[in-house]
Amino acid sequence: NRQLAMGSGCRRGTSDHVILTAIDSACKKIAATCQDIGLLGSTFVRQGEVGLLAAAHELGVPVYVYENEQLQQMIDRCGLEISPFVKRQIGVGSVCEAAALQASSVKKLILKKEKVSKVTVSIAWEK
């Protein structure tokens, strides 16, 4: 019964192994497993990112990518903390938390931004 929406941000060229390690670490923090994840959300800037797509394939879940306007709506609506570095790189100040919330029907984070190596992950209830 997959019920988690995983938001993920990563540096360009990050391997699926590194992304999956970050996802696994995040799941363990909330006593969940990778099998509880229903989808991965990220920024449209990473839509062709091989590591992210391979990680989603490994998990057997779809990847949803969001435009900056959609991510910004979540940042404003939920008062998310922004990263000046991410804002300079992507054009919007939060990827993982905003993407997790955008993918979630209940808009409730259960794990705030977690940074592991070159990856940030966040978890929201999917529904």
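The values are calculated or read from the model by the stated rules, or taken from the named source; none is laboratory data. What you see is a predicted model; the values in this text were computed from it and never measured. When we count neighbours, we look across all protein chains shown, and the Cβ atoms used for this are built from the backbone with ideal geometry, even at glycine. These area figures cover heavy atoms from the full protein model, side chains too; ligands, DNA and RNA do not enter into them. Shrake-Rupley method; radii C 1.70, N 1.55, O 1.52, S 1.80 Å.
Structure notes:
- Its relative contact order, with pairs defined as Cα atoms under 8 Å and 6+ residues apart, puts segment 44-127 at 20 percent.
- Around ALA99: net Lys/Arg minus Asp/Glu count, Cβ-Cβ under 12 Å: 0
- Quotient of Cα Rg and 2.2 N^0.38 Å for segment 76-127, N being how many residues it contains: 1.10
- Among the lysines of the chain, pairs that are 8 or more positions apart or on different chains and have alpha carbons within less than 23 Å of each other number 25.
- If you bin all the Cα-Cα distances of the chain at 5 Å, starting from zero, the percentages per bin are 2, 13, 25, 28, 20, 10, 1, 0.
- When a 1.4 Å probe is rolled over the protein heavy atoms, the share of accessible surface on the chain that falls to carbon and sulfur comes to 50 percent.
- With protein chains left intact and a 1.4 Å probe, residues in the chain average 51 Å² of accessible area per residue.
- In the context of the full protein assembly, ARG2 retains an accessible surface of approximately 90 Å², using a probe radius of 1.4 Å and ignoring ligands and nucleic acids.
- For segment 51-90, a Kirkwood hydrodynamic radius built from all Cα pairs, placed in the Stokes-Einstein relation at 37 °C and 0.692 mPa s, yields a translational diffusion coefficient of 272 µm²/s.
- Put PHE44, PHE85 in order of accessible area, highest first, and with a 1.4 Å probe you get PHE85, PHE44.
- Euclidean distance between Cα centres, segment 12-47 to segment 85-127, Å: 11
- Counting only Cβ charges, +1 for Lys and Arg and -1 for Asp and Glu, the dipole size of the chain around its Cα centre is about 300 debye.
- Over segment 1-59, volume per residue of the alpha carbon convex hull, in Å³: 71
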